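The values are calculated or read from the model by the stated rules, or taken from the named source; none is laboratory data. Nothing here was measured: the structure is a model prediction, and the numbers come from that model. Cβ coordinates were reconstructed from backbone atoms using ideal geometry, including for glycine residues, and neighbour counts include every protein chain displayed. Only protein heavy atoms, including side chains, enter the accessible area calculation; ligands, DNA and RNA are left aside. Shrake-Rupley method; radii C 1.70, N 1.55, O 1.52, S 1.80 Å.
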Amino acid sequence: MTYPEPPRQDGTGYGDPAGSQARPSRGGAHRAPARAAHTAPPSVRHSPAPAGTVPAPAYPEYAGSVPAPAAYPEPAAGAPDTAGDVPEARAKPGRDRYLDLLRTVALVRVVVFHLFGWAWLTILFPSMGVMFALAGSLMARSLARPAVSVIRGRLRRLLPPMWAFSLVVVPVMFALSWKPVREEGLWWFIKLGSYLFPLGAPPFPEENGSAGGWLELSWADQAAGPLWYIRAYLWFVLASPLLLKAFRRLPWVTLLAPVALTAVIGTGLVKVPGTFGESLVDFAVFGSCWILGFAHNDGLLKEVPRYLAVSSAAMVMGFGLWWASGHLTEEGWNLDEIPLAQATWSLGFCAILLVYAPSWQKLPGRLAGWDSLVTLANNRAVTIYLWHNLLLMAAAHLVDQLWSVPWLGDTFDTQIEQSYEVLILITIWPLTGLAILAFGWVEDVAAKRRPRLWPNGPGRTRGA
């Protein structure tokens, strides 16, 4: 979700447990660097999400493959079946292209939200909830194999792309005069380890850069935004063996328990301080979506009459909107900032998507023309999600240079001003392509595949 926080939102983002570190905004906007001698255009939104949103969470927005990460390769057909206590899996061999399409839409929506900051997008398509639901379904399918090997494989695919990201971002923070917080002593260095294994919130400097420079003062905040989603995803992966056992014993209780937890800790009724509290809220808000993925994989949703499933989901979504109407923040109807509304709206929305889910081995009709892009997005979901906030800032700086081009800046000043965000949206995609070329191969190495620069070919999505 993106629980951005001006100056600090209740419990779901990043930040120093001691309160000395502001956490990255997950649903808020990231602002384009100031341009001298020009009227400031609308700020570039940065949620984390996510997602996040967040999360992110842009959350930054709430925001990914990061995996968005649900874009992880899945076990091959014929994975060992566990003895009769495991319901027959719904998933068929190979990738489900419907799920891949949803993940691609979620990633694009995250980028658009972090640029424009339109709160209604969190209602139109709750990307982070969708990505967690898809990831939960794939995780349940994977757990037909021994849990230890599944978790090890997930960590192997998740962490190296994050390490590549941290290897670039963290040294730049230090190069721009970031220093350890003396008052925190050894604890500060322990928190720094979250850039390697994100169980907690990584520290980052509130101001690190220069006003009007290529790296604006808030760039580190923007860069760290998507990491909330990596943290939440890691929590879900580690908890999935127990969650799946609980779900198969008490399915409806397990499915709705995270919503009940959100009603307690996500509304401020009970406050859990520090990084643990932030992580717990993220876990609660999207926990039902993750477990809904279990239900989809096990075929439980098919056992419920469709009219009953859809009407129940609609009532849950209606409650989410009702709750949001009475708890609007400065972001208005941005559900990333309203945990209980986000939890219930996302749950109902994802339930409808999965109740009506076809099982596509290939994209049908006109959607087939997007097959290569859907394949590429799923193979590089982690890379796209991790880097998209930094790429938005880079795109804003490139668009700013139009004012410096002789004749062009003077002649089309007004047009550039009016179409500023649209120009950024156009620029972000070639930059994303460059990031895929530069860093995407790490996802292949992490998955023990042959590195590929542009994996959009047919038949390659099974490794996505």
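For region 347-464, with all protein chains in place and a probe radius of 1.4 Å, 67% of the accessible heavy-atom surface sits on carbon or sulfur. The calculated FRET efficiency for residue 175 paired with residue 248, based on their beta-carbon distance and R0 = 41 Å, is about 0.20. Once the Cα-Cα distance is subtracted from the 0.36 nm per residue extended length, the residue 419 to residue 402 segment shows a gain of 4.9 nm. Close amide-amide hydrogen proximity is noted between residue 329 and 334, each under 5 Å apart and 5 or more residues distant or on a separate chain (H modeled in the peptide plane; Pro and chain starts excluded).
Accessible surface for region 314-370, divided over its residues, is 49 Å² per residue with a 1.4 Å probe.
With all protein chains kept in place, the per residue accessible area of region 97-224 amounts to 39 square angstrom at a probe of 1.4 angstrom. Take the Cβ atoms of residue 325 and residue 370, set R0 to 56 Å, and the FRET efficiency comes out at 0.95.
Nonpolar atom fraction for region 214-291, defined as the carbon and sulfur part of the 1.4 Å probe accessible area, stands at 76 percent. In this simple spin-label model, placing a label point 7 Å from the Cα along the Cα-to-Cβ direction at both residue 196 and residue 144 gives a separation of 3.7 nm.
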